[in-house]
Amino acid sequence: MDLTGRIIAVMPAQSGISQRSGNSWMSQDYVLEVPGQYPRRMLFRVFGEDRIRQFNIQNGEDVTVQFDIDAHEYQGRWFNDIRAFNILHGAAIPQPGAPIAAPAAGDAPFPPAQAAPAAPQAAAPFPPAQEPAAEGSADDLPF
């Protein structure tokens, strides 16, 4: 999956030693904000000291994050994990109200939708006009 936006927070790097393998590890979290009428934010993680240095993500930078989503269970609760596997720097952030470019033919996950035939216009107004009830009628409701 891809998401384009601006980095609004760079969290401190975390590191440690794996209990299973004894190897050292490092990860760093970032917050991406996608602009719009209602801005959206996503926290994602870059795992591995080499990738953290390679991506060199800076606060205020416009990027496209390519990521995978996974979930894990801990003590009966489930948690999402969003891991970035690639970062594209200097990405153009779509402006609100701007037309979105259609994906290339090979990128679409579904076949293109077929246009629905236009519905014929009804000549009668909606709701249909009703005859006024006769005076003295027990049914005095207007509908």
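The values are calculated or read from the model by the stated rules, or taken from the named source; none is laboratory data. These numbers come from a predicted model, not from an experiment. Using ideal geometry, Cβ is built from the backbone for each residue, glycine included, and neighbour counts are taken over all protein chains shown.
Could you list, in sequence order, all residues of region 37-81 that are out of contact with any helix residue (DSSP H, G or I) (no Cβ under 7 Å at 6 or more places or on another chain), of a type in the set (A, V, I, L, M) and outside any helix (DSSP H, G or I)?
Restricting attention to region 37-81, the residues satisfying the condition of being out of contact with any helix residue (DSSP H, G or I) (no Cβ under 7 Å at 6 or more places or on another chain) are 37-45, 47-81.
Retained after the next criterion (residues that are of a type in the set (A, V, I, L, M)): 42-43, 52, 57, 63, 65, 69, 71.
Selection gives MET42, LEU43, ILE57, VAL63, VAL65, ILE69, ALA71.
Hey, any hits in region 77-84 for a residue that's surrounded by 14 or more Cβ atoms within 10 Å (Cβ to Cβ) and touching a Leu at 6+ places or on another chain (Cβ under 6 Å)?
No, that holds for no residue.
Table: residues versus (1) among the hydrophobic types (A, V, I, L, M, F, W, C); (2) modelled with pLDDT under 80; (3) under 16 Å from the mean Cα position of the chain (by Cα).
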| position | (1), (2), (3) |
| --- | --- |
| PHE44 | yes, no, yes |
| ARG51 | no, no, no |
| ASN59 | no, no, no |
| GLN66 | no, no, yes |
| HIS72 | no, no, no |
| PHE79 | yes, no, no |
| ALA105 | yes, yes, no |
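What's the number of the only condition in (1) surrounded by 12 or more Cβ atoms within 10 Å (Cβ to Cβ); (2) at pLDDT below 95 that GLN37 fails to meet?
Answer for GLN37: the failing condition is (1).
How about region 1-19: which of its residues are assigned to a loop (DSSP other than H, G, I, E, B) and over 16 Å from ARG83 (Cβ atoms)? Spell out how you get there, then give the answer.
In the first step, residues of region 1-19 are kept if they are assigned to a loop (DSSP other than H, G, I, E, B); the result is 1, 11-13, 18-19.
Selection gives PRO12, SER18, GLN19.
From ILE52, ILE57, ILE69, which residue is surrounded by 13 or more Cβ atoms within 10 Å (Cβ to Cβ) and under 16 Å from ASP2 (Cβ atoms)? Steps first, please.
Working: ILE52 fails: under 16 Å from ASP2 (Cβ atoms); ILE69 fails: surrounded by 13 or more Cβ atoms within 10 Å (Cβ to Cβ).
Just a single option satisfies the conditions, and that option is ILE57.
Checking the condition touching a residue at least 24 places away in the same chain (Cβ under 8 Å) and closer than 22 Å to SER18 by Cα, which residue from ILE87, ILE52 passes? Before the answer, list the steps.
Working: ILE87 fails: closer than 22 Å to SER18 by Cα.
Only one candidate qualifies: ILE52.
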